[in-house]
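The values are calculated or read from the model by the stated rules, or taken from the named source; none is laboratory data. Please read these numbers as outputs of a predicted model, since none were measured by experiment. Note: ideal-geometry Cβ built from the backbone for every residue, glycine included; neighbour counts use all protein chains shown. Calculation scope for accessible area: heavy atoms of the full protein, side chains included, ligands and nucleic acids excluded. Shrake-Rupley method; radii C 1.70, N 1.55, O 1.52, S 1.80 Å.
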Amino acid sequence: CQKIKYMFPKAHATAYITSAVRIAWFKVHHPIWYYCAYLSIRCDQFDIISMVQGENAIRAKIDEIDAKPNPSNKDLDTKDTLQICLEAACRGIYFHNVDLNKSDAKNFVITEDQKGLIIPFRAIDGLGENVAHAIVKARNKSPFISQEDLKIRGKVSGWTIDKLKELGCIEDMPESNQL
């Protein structure tokens, strides 16, 4: 004991085990809540298109990243997130695309049928947290009537509008406020 400066106390070990048991209980009994919390808190890199397309697309994207000779840190983080998404998809949980009317700025939202997760705005690559909060704040005041309205009130750049179009989030929305 004189050589060892610090020993892991039993109280710490007990706290970690208690926490692990709680997490495991939610993962088994309420998986939708578990994946919602895990993806909202622990993950930063997402591949929205693969997530929305489901299990096979997620597997294909993971294989694509594995096939790269020197994957970047971003690719490795995306792969870690996709492995969690694959696990969720195998358990029957689906991912709903980013939705201007339902998505939160930074947290995943459980769908009304309790079987899916709505992807938050922060999952869009290149969209900052401040812009995501601005979109939600403007949406809560009144719904967006056009892409131009989204750009002005949501403080969204043209690049982000293009990314939202690419994801299919604003395909039904007119480009300008003109009738």
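For the stretch 32-45, how many residues meet the condition of being touching a Lys or Arg at 6+ places or on another chain (Cβ under 9 Å) and open to solvent by less than 30 Å² (accessible area, probe 1.4 Å)?
Qualifying residue count for the region: 3.
So which residues in the stretch 96-137 are open to solvent by 10 Å² or more (accessible area, probe 1.4 Å), under 17 Å from Val156 (Cα atoms) and either of a type in the set (Asp, Glu) or not in a loop (DSSP other than H, G, I, E, B) (or both)?
Result: Asp99, Asp104, Arg122, Asp125, Glu129, Asn130, Val131, His133, Ala134, Val136, Lys137.
Give the stretch 22-71 a look and list any residue that's closer than 27 Å to Lys165 by Cα, assigned to a helix (DSSP H, G or I) and among the acidic types (Asp, Glu), or say none.
Glu55, Asp63, Glu64
Looking at Ile65, Ile58 in this structure, which one is open to solvent by less than 80 Å² (accessible area, probe 1.4 Å), touching a residue at least 24 places away in the same chain (Cβ under 8 Å) and β-branched (Val, Ile, Thr)? Don't jump to the end; show me each part of the working.
On the way: Ile65 fails: touching a residue at least 24 places away in the same chain (Cβ under 8 Å).
Going through Ile65, Ile58 in turn, just one is open to solvent by less than 80 Å² (accessible area, probe 1.4 Å), touching a residue at least 24 places away in the same chain (Cβ under 8 Å) and β-branched (Val, Ile, Thr): Ile58.
Just for the stretch 155-179: of the residues that are of a type in the set (A, V, I, L, M, F, W, C) and assigned to a helix (DSSP H, G or I), which one is surrounded by the fewest Cβ atoms within 10 Å (Cβ to Cβ)?
Taking the stretch 155-179 as the starting set, the residues that turn out to be of a type in the set (A, V, I, L, M, F, W, C) are 156, 159, 161, 164, 167, 169-170, 173, 179.
Checking which are assigned to a helix (DSSP H, G or I) leaves us with 159, 161, 164, 167.
On the way: Trp159: 10, Ile161: 19, Leu164: 22, Leu167: 17.
It comes out as Trp159.
If you go through the stretch 135-153, how many residues are without any contact (Cβ under 8 Å) to a residue 40 or more places away in the chain and under 23 Å from Met51 (Cβ atoms)?
Going through the stretch 135-153 one residue at a time, the tally reaches 3.
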